[in-house]
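Step one of this worksheet: look at the structure below.
The values are calculated or read from the model by the stated rules, or taken from the named source; none is laboratory data. This structure is a prediction, so every number in the text was calculated from the model and none was measured. Every residue, glycine as well, gets a Cβ built from its backbone with ideal geometry; the counts of neighbours run over all protein chains shown.
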Amino acid sequence: MVCFLLIVSNNNYHKTVFLNSNNALTGGIYNKVSTFSDYIRLSKINDELSSENTALHNILLENYKSTIDSFSLYKDTIFKQQYIYRSAKVINNSINKQRNYITLNKGRLQGIRPEMGVIANNSVVGIVKSVSDNYATVISLLNSRLKISARIKKNNHHGSLYWDGKDYRRARLIEIPSHVDIKIGDTITTSSYSSIFPEGLLLGVADEILPATGGNFREVIVLISNDFNQLSYVDVIGNLLKNEQVELEKEVEK
């Protein structure tokens with residue numbers, strides 16, 4: 001050790017080699033420590049990213065309903081906001097049943113209510129079924145009892161999307177008139193007929209066009225945009241004007 005120190009101390013070349021080797025060693029150790037620390041912080045980072053994503057959703061123009069007309073110039077953004085988003089984490093999920101449900105880690109105390117829409121990656125996941133103080137259950141899109149009002153994006157023709165209980169990556173779009181132009185790869189989104197979801201949320205793309213069988217309508221197999229086997233974080237959507245719309249429609253039905 002003494003000889004080694006004397007050689008390094010008295011020879012510039014050996015000193016340089018030693019310092020470079022030492023830097024490489026310590027740099028590698030620091031890199032490993034940093035990588036391990038980043039891994040430990042992944043959960044916190046994901047929570048932060050989910051919250052930031054939800055905040056961005058809340059300021060999108062599509063979430064606001066214009067109140068400007070010839071009689072009023074009321075520009076209060078809180079007054080005219082129509083949709084509000086809350087982030088949540090998936091803590092339980094199933095894809096292998098006929099009626100699949102999802103459990104979220106937020107509930108009544110965090111502003112979650114029944115019949116709120118649930119999305120991930122700007123694509124439909126399901127609808128809130130019931131809530132407790134700190135948890136919520138969601139009827140998954142992969143539930144044979146759930147139907148979503150849908151439309152073909154390119155021509156605005158409407159239909160209903162439901163899951164037939166078979167392939168968890170595919171659903172069926174029904175009530176499409178036979179004369180409607182639809183091709184494989186066409187985008188399917190939510191329609192304006194829903195009081196739960198904003199118009200234009202992604203549902204999937206046409207994967208197979210089934211021939212009309214003895215009627216004026218045909219079905220389309222849709223490749224679902226979300227992979228429900230990888231759900232982690234979601235956004236819960238509240239329509240601030242939903243009650244007004246529903247009550248008015250009930251009056252018409254009476």
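Looking across ASN226, ASN239, ASN216, one residue alone is surrounded by 15 or more Cβ atoms within 10 Å (Cβ to Cβ) and either farther than 20 Å from ALA171 by Cβ or in contact with a His (Cβ under 9 Å, 6 or more places away or on another chain) (or both). It is ASN239.
Looking only at region 179-206, residues that are over 21 Å from the mean Cα position of the chain (by Cα) and aliphatic (A, V, I, L, M) come to 3 in all. Condition (residue is over 18 Å from the mean Cα position of the chain (by Cα) and farther than 25 Å from ARG108 by Cβ) applied to region 221-235: is it met by at least one residue? So far as region 221-235 goes, yes, one or more of its residues are over 18 Å from the mean Cα position of the chain (by Cα) and farther than 25 Å from ARG108 by Cβ. Of the set (1) outside any loop (DSSP other than H, G, I, E, B); (2) of a type outside the set (Val, Ile, Thr); (3) more than 18 Å from the chain's Cα centre (by Cα), all apply to ASP167 but (1).
Surrounded by fewer than 20 Cβ atoms within 10 Å (Cβ to Cβ), under 27 Å from ASN243 (Cβ atoms), among the polar types (S, T, N, Q) and touching a Ser or Thr at 6+ places or on another chain (Cβ under 7 Å): does that describe SER192? Considered against the rule, which asks whether it is surrounded by fewer than 20 Cβ atoms within 10 Å (Cβ to Cβ), under 27 Å from ASN243 (Cβ atoms), among the polar types (S, T, N, Q) and touching a Ser or Thr at 6+ places or on another chain (Cβ under 7 Å), SER192 comes out as no.
Taking ILE176, is it surrounded by fewer than 20 Cβ atoms within 10 Å (Cβ to Cβ), over 20 Å from the mean Cα position of the chain (by Cα), at pLDDT below 95 and in the same structural domain as ASP235 (by TED's automatic domain parsing)? Talk me through it step by step, then tell me what you get.
Values: surrounded by fewer than 20 Cβ atoms within 10 Å (Cβ to Cβ): no; over 20 Å from the mean Cα position of the chain (by Cα): yes; at pLDDT below 95: yes; in the same structural domain as ASP235 (by TED's automatic domain parsing): yes.
Spelling it out, it is not the case that ILE176 is surrounded by fewer than 20 Cβ atoms within 10 Å (Cβ to Cβ), over 20 Å from the mean Cα position of the chain (by Cα), at pLDDT below 95 and in the same structural domain as ASP235 (by TED's automatic domain parsing).
Could you count how many residues in region 130-164 are more than 12 Å from VAL236 (Cα to Cα), part of a strand (DSSP E or B) and of a type outside the set (Gly, Ala, Ser)?
12
The residues of region 98-120 that are in a loop (DSSP other than H, G, I, E, B) and either free of Cβ contacts under 8 Å to residues at least 12 places away in the same chain or crowded, with 17+ Cβ neighbours inside 10 Å (or both), listed by number, are LYS106, GLY107, ILE112, MET116.
Which residues, taken from region 190-213, are out of contact with any His (no Cβ under 7 Å at 6 or more places or on another chain) and within 15 Å of GLY117 (Cα to Cα)? Answer for region 190-213, where residues must be out of contact with any His (no Cβ under 7 Å at 6 or more places or on another chain) and within 15 Å of GLY117 (Cα to Cα): THR190, SER192, SER194, SER195, ILE196, PHE197, PRO198, GLU199, GLY200, LEU201, LEU202, LEU203.
Restricting attention to region 173-207, the residues that are more than 12 Å from LEU141 (Cβ to Cβ) and touching an Asp or Glu at 6+ places or on another chain (Cβ under 9 Å) total 17.
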